[in-house]
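Here is the structure we will look at, set down as structure tokens.
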Amino acid sequence: MSLVLVYDIEDDRIRTRVSNVCLDYGLQRIQYSAFFGKLNRNLRQELALLVREEIGTKLARVRIIPVWEE
């Protein structure tokens with residue numbers, strides 16, 4: 001399934017790390033703070049956990065939006 005991941009992260013270092021995680025999972029950057037790609041359910045969950053770990057207790061908003069192919 002395709003997905004769009006968008007974020008609003010204040011801390012530059014954490015924003016860079018989250019961006020790198022998205023790129024590591026094969027997502028394409030479609031805007032500075034938005035990524036698009038195809039991941040199966042397990043990889044989506046893994047990605048969400050890694051992003052949550054990177055953010056920790058810092059102020060951030062992250063949305064992973066599934067996009068149906070039909």
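Here are some notes:
- At most 14 other Cβ within 10 Å, DSSP loop - trypsin sites (Lys or Arg not before Pro), the chain: K58
- Computed label-point distance, nm, for sites L50 and E69 using a 7 Å Cα→Cβ extension: 2.3
- The length gained by stretching the chain between Q31 and T57 to full extension, at 0.36 nm per residue less their Cα-Cα distance, is 6.9 nm.
- Split the chain at each of the chymotrypsin sites (Phe, Trp or Tyr not before Pro) in a DSSP loop with at most 13 other beta carbon atoms within 10 Å, and the longest piece is 33-67.
- Relative contact order of the chain, pairs being alpha-carbon contacts under 8 Å that are 6 or more residues apart, as %: 56
- In the chain, the DSSP-assigned H stretches of four residues or longer account for a calculated mean residue ellipticity at 222 nm of -13000 deg cm²/dmol, using -39500 (n - 2.57) per stretch and the full residue count as denominator.
Readers should treat all values here as calculations from the given coordinates under stated rules, not as data from a laboratory. From a predicted model like this one, the values you see are computed outputs, not experimental measurements. Backbone-built Cβ (ideal geometry, glycine too); neighbour counts: all protein chains shown.
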